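The values are calculated or read from the model by the stated rules, or taken from the named source; none is laboratory data. Remember, it's a predicted structure, so these values are computed and weren't measured experimentally. As a convention, Cβ positions derive from the backbone with ideal geometry for all residues, glycine included, and neighbour counts pool all protein chains shown. SASA here: full protein model, heavy atoms, side chains in, ligands and nucleic acids out. Shrake-Rupley method; radii C 1.70, N 1.55, O 1.52, S 1.80 Å.
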Amino acid sequence: MPHDFMPGLAGVPAATSSISDVDGQQGVLEYRGIRVEELCAQSSFLETSYLLLFGRLPAASQLEQWTSDISHHRRVKFRIVDLLKCLPEHGHPMDALQAAVAALGMFYPGRQVKDAETNYWSAVRLIAKLPTIVAAWARLRHGDDPIPPQDDLEFSENFLYMLTERRPHPLWKEIFDDCLILHAEHTMNASTFTGLVTASTLADPYTVVASSIGALKGPLHGGANEEVVQMLREIASPDHAQAYVEQQLAARRKLMGFGHRVYKVKDPRATVLQRLCERLFQECGPSPLYTIALEVERTAGESLNGKGIYPNVDFYSGIIYDKMGIDVNLFTPLFAMARVSGWLAHWLEQLQENKLFRPDQIYSGEHNRPYVPLAQR
Ligand code: ACO
């Protein structure tokens, strides 16, 4: 049956899902029907990941069990650390993360994807171990030993501790946890779709997540938050923002951290992140990058807002991480640490009624060409 070709599958539904919903005209994002603003104000990343995976907020005992299961699976095998040690230290952390996550699947039973208990423990391991891998790589590439996770620390606090061996400022762990909530899920985006295509072959969840990590890396998706901070550093002063924006737009270059396939107003996550920036900089001192970002948003808005192009989630997140002293090329791995919850929620949902993805194509090549022998070409 012929269909209209939609480049980028724009507007083509690839699944029915009850995990999250975006209203791109009103700027609303809900996880299982609850707005992200409310989750940031009241929930934690781990509670939100439970909500995404299992469809409801946990009762107190369920949350306790979930938190304890995650806490007890944070360690990674020494062979995973050895694998990271063998990778070139200048390599991108997303490549290291992808390699380590793919390798995790060789250590744990994950192939029985029809077994609910196996799937539960795969989800626990993946959510628990990604931060340990990211932090281990961040240290190993500088020649430092990884810092093992500490069971008595909460999820976000533990991650920041594993990066620096210092307990973070209480506001940092709270703000970092909110950042994870905001990045945990976002309907049918490129990395989720990639994971679902892999999952539709009934591949194990480690392979599913490794393929999603590959898709998230690109600068048009999760990689944009790195590029935003590099752009703001290049602009260097709020006084240069207008000239920079005008130059980029005149050259028909895209401004990183602006625009979205679905949102035609300001991304609600960008609004929350901006509030988090204000809190962080009030308590811990100003950020020059934030002042520049405000000016870029103002000047870019004059040309772009009319076209429905506003800051997206990547515009303000990197400024927060930068203030916490996190290296720019770790920003996308932080995104993956959060989004793994969404990827796994979609994986579990799809398994209920799995169908192998096998789209069609419109062939634009030739037919019946003769084979020309090598000597005659
Ligand atoms: N800066 C300037 N102009 C833009 C931008 C931008 N960031 N984004 C879109 N436009 C313009 C395009 O130039 C194009 O203009 P034209 O019609 O005059 O040619 C028009 O808006 C449509 O752009 P598309 O790229 O076709 O729109 P699409 O819906 O595919 O874009 C995307 C979505 C890829 C996110 C785009 O806005 C972009 O490249 N943004 C910059 C990268 C970025 O921030 N990515 C992170 C997205 S959020 C996430 O993945 C977590």
The chain: calculated mean residue ellipticity at 222 nm from DSSP helix runs of at least 4, using -39500 (n - 2.57): -17500 deg cm²/dmol
Relative contact order (%) - criterion: Cα under 8 Å, at least six apart; region: the stretch 272-348: 31
Cα gyration tensor category, rounded, prolate or oblate, for the stretch 1-122 with a/c compared to 1.5: oblate
Dipole magnitude (debye, nearest 20) for the chain, charges at Cβ of Lys, Arg, Asp, Glu: 1000
Accessible area of the stretch 219-377 divided out per residue, in Å², using a probe of 1.4 angstrom: 53
Accessible area of the chain belonging to carbon and sulfur atoms, whole % at 1.4 Å probe: 51
Surface accessible to a 1.4 Å probe, residue 258 within the full protein complex, Å²: 20
Sequence of 85, 77 from largest to smallest accessible area, 1.4 Å probe: 85, 77
Cα-based Lys proximity count in the stretch 56-192, under 21 Å, for pairs eight or more positions apart or on separate chains: 4
The chain shape via C-alpha gyration tensor axes, a/c threshold 1.5: rounded
Between the stretch 1-53 and the stretch 319-360, the alpha-carbon center distance in angstrom: 13
Solvent-accessible area per residue, Å², over the stretch 56-208 with all protein chains present [probe radius 1.4 Å]: 44
